[in-house]
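In what follows, a single structure is set out as structure tokens and then discussed.
The values are calculated or read from the model by the stated rules, or taken from the named source; none is laboratory data. Every value quoted in this text rests on a predicted model; they were computed, and no experiment measured them. Because the Cβ atoms are built from the backbone with ideal geometry, glycine has one as well, and the counts that use them run over all protein chains shown. SASA here: full protein model, heavy atoms, side chains in, ligands and nucleic acids out. Shrake-Rupley method; radii C 1.70, N 1.55, O 1.52, S 1.80 Å.
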Amino acid sequence: MRAAELHAEQPGWAFQPHGSVSVTGDLGHLGFLYGPAGEPPVATGMDIAHCKDGVIAEAPQPS
């Protein structure tokens, strides 16, 4: 999982949710902020996942 790799590369950095989770049909979306803990974020992004019954069923992996 890429998040675990990023944590290993940048100890002391943290992900923070940015906005609320939204679900449309079977797709869920969550924005995030990433950077040194306690400091302004240096990156933003989003996670998108297939959902079933309100639970993540599959999270596409980057290629």
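Quick notes on this one:
- Computed FRET value (nearest 0.05) for Glu39 with Ala8, which takes r as the C-beta separation and R₀ as 25 Å: 0.80
- Note on the chain: percent of Cα-Cα distances in each 10 Å bin, starting at 0 and stopping at the bin with the largest distance, equals 21, 45, 29, 5.
- Carbon-plus-sulfur accessible fraction, the chain (probe radius 1.4 Å, protein heavy atoms only): 59%.
- Per residue, in Å², the accessible surface of the chain once ligands and nucleic acids are set aside, probe 1.4 Å: 76
- Once the chain from Ile56 to Leu27 is taken as fully extended at 0.36 nm per residue, the excess over their C-alpha distance is 9.6 nm.
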